[in-house]
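See below for the structure under consideration.
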Amino acid sequence: MHFNPRSFFPLLFALLFAARLCHVKILWTEETYPLAGAEQILHGETLYRDIWFDKPPLLPAAYLPLGAQTGWPLRLGGALYALLACLIAYGFARDLWSPLEGFWAAALLGFFLIFDLPSAIIPIASDLLMLAPHLAAVWLAWKRRPFWSGAVAALAFWISPKGVFVAAVCALWNPAGIGLLAAGFLTVTAAAVTWLAATGALSAYWAQVWQWGTLYASAPLTEHPLRNGILRTVNWAGFHLALVAAAAWFLWRVKARERWRWAAWSALCLVGVSAGFRFFPRYYFLLLAPAVLMAAHGLSLLGRKREFVGLLLLIPATRFAPRYFDLAMGHTGWVDTLMDEDSRYVAALARGASHPGDTLFVWGYRPELYVYTRLPAATMFLDCQPLTGVPADRHLSESTPLETESARARRTSLTHSQPSFIIDGLGPYNRRLAITSYPDLREWFAHYREIGRTSGSILYKRD
């Protein structure tokens with residue numbers, strides 16, 4: 001098969017960009033939080049010290065070069081990042097085997113960054129953002145450049161705590177370089193810690209990212225998390241059957257020593273996917289990294305039989321392609337975009353009533369409201385999770401807090417603020433967690449009156 005990188009990669013970028021342009025009028029949940037955080041940074045606030053943010057700092061930092069903009073600049077950034085990941089996959093597979101495998105790796109990765117769950121592949125969220133440094137770090141470990149491998153693994157870690165699994169894979173691929181790998185990891189980490197300490201945000205970073213994050217991860221969503229994990233992993237394997245089949249053929253054909261290394265990489269990634277026992281689709285980006293490389297060589301080893309495996313790509317293509325056509329024709333109305341549509345409506349109401357200097361506080365997990373209104377946050381809290389103690393992945397239907405005393409203390413600090421507008425984006429879904437249901441907020445909230453309402457939000461203005 002003839003492969004010309006000069007024509008392939010521009011075509012791949014065009015496809016990635018076109019797919020993301022279909023989502024130009026939608027914001028997905030996983031991108032709204034870092035967007036809101038980046039916007040507050042641009043307003044002059046300091047992460048963690050002035051903004052409660054329970055993710056590592058490189059996540060909102062990724063949105064700063066875009067100016068925290070939405071629309072086509074955001075989708076262009078997503079397409080460029082996806083292309084970068086594909087280029088790294090190409091280079092790694094090319095060096096491991098040949099340019100043909102590089103082509104397959106880039107093509108498979110690009111395919112699944114188009115034909116997969118939109119809420120996972122469109123946002124430049126932490127799990128996707130970690131994909132490029134994940135591939136690059138292991139590539140550098142294989143090239144026997146342990147210091148830089150550790151440094152890049154640290155970048156993954158400062159995007160998501162799951163970067164520790166990337167570092168573990170690098171150590172497995174180059175055990176002789178563990179010392180230098182650790183040095184590279186610690187160098188980047190020391191720089192990040194120094195920055196946090198210099199801005200007075202180190203203790204807040206620890207409380208928000210690690211203490212709250214540990215609390216969140218310790219409370220699985222279902223009563224049977226293992227069964228849920230097995231079911232979701234089987235579902236993922238079914239939609240990615242072409243990858244799984246080609247990767248399985250690769251593992252069958254390679255030597256035992258190589259098989260062990262690739263199996264260990266995949267196993268560590270699966271452990272990372274399982275962390276917190278939530279098994280959201282975006283978590284499987286960890287597993288996608290080794291899968292595309294193994295499948296690339298597997299397709300090469302299959303010879304002419306690869307066409308039968310290629311037919312399995314029709315499974316995700318037929319499942320997700322119709323949504324792109326719907327979006328291109330201007331049709332939405334999906335269940336998973338209804339809240340985003342509601343946010344646009346209530347944000348328009350707020351903008352129409354706002355004046356220069358006004359501020360906003362959002363009750364609920366609706367950070368897109370800061371993005372749509374472009375109003376500065378009036379408090380350090382971009383959502384109400386730390387104020388209720390109920391994580392966003394359950395607060396639409398449940399009201400049992402994971403913590404009580406700390407949440408109460410934070411609500412007390414909230415009463416010292418005077419936002420111009422409050423949007424309750426949670427109460428219409430769960431009355432028990434409405435902002436009006438907290439006695440310790442009633443005196444403070446008495447200064448606000450309702451000025452607008454949508455099906456999922458209530459807009460209040462300070463008298």
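Summary table below
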quantity: Residue within the range 375-395 that is acidic (Asp, Glu), more than 30 Å from Ala219 (Cα to Cα) and either in the same structural domain as Glu450 (by TED's automatic domain parsing) or not in a helix (DSSP H, G or I) (or both) present; calculated: no
quantity: Residue satisfying all of: in the range 138-160; within 22 Å of Pro34 (Cβ to Cβ) and in contact with a Phe, Trp or Tyr (Cβ under 8 Å, 6 or more places away or on another chain); surrounded by the most Cβ atoms within 10 Å (Cβ to Cβ) among these; calculated: Ala153
quantity: Elements of type helices (runs of 4 or more DSSP H) contained in the range 269-364, each with 1 or more residues being touching a strand residue (DSSP E or B) at 6+ places or on another chain (Cβ under 7 Å); calculated: 338-353
quantity: Selection status of Glu450, in the same structural domain as Arg351 (by TED's automatic domain parsing), in a strand (DSSP E or B) and exposed (fewer than 15 other Cβ atoms within 10 Å of the Cβ); calculated: yes
quantity: Single residue of Arg282, Arg344 found to be at pLDDT 90 or above, closer than 15 Å to Phe112 by Cα and among the charged types (D, E, K, R); calculated: Arg282
quantity: Among the candidates Ser406, Ser354, Ser399, residue that is in contact (Cβ under 8 Å) with a residue 60 or more places away in the chain, surrounded by fewer than 19 Cβ atoms within 10 Å (Cβ to Cβ) and in the same structural domain as Thr436 (by TED's automatic domain parsing); calculated: Ser354
quantity: Qualifying residue in the range 197-207 (condition: part of a helix (DSSP H, G or I), touching a Leu at 6+ places or on another chain (Cβ under 6 Å), of a type outside the set (Gly, Ala, Ser) and within 30 Å of Val390 (Cα to Cα)); calculated: yes
quantity: Among the candidates Asp383, Asp393, residue that is surrounded by 17 or more Cβ atoms within 10 Å (Cβ to Cβ) and of a type in the set (Asp, Glu); calculated: Asp383
quantity: Scope the range 34-84; condition touching a residue at least 40 places away in the same chain (Cβ under 8 Å), within 23 Å of Ala197 (Cβ to Cβ), among the small types (Gly, Ala, Ser) and not in a loop (DSSP other than H, G, I, E, B); matching residues; calculated: Gly37
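The values are calculated or read from the model by the stated rules, or taken from the named source; none is laboratory data. Quick caveat: nothing in here was measured; it's all calculated off a predicted structure. All Cβ positions, even for glycine, are placed from backbone atoms using ideal geometry, and neighbour counts span all protein chains on display.
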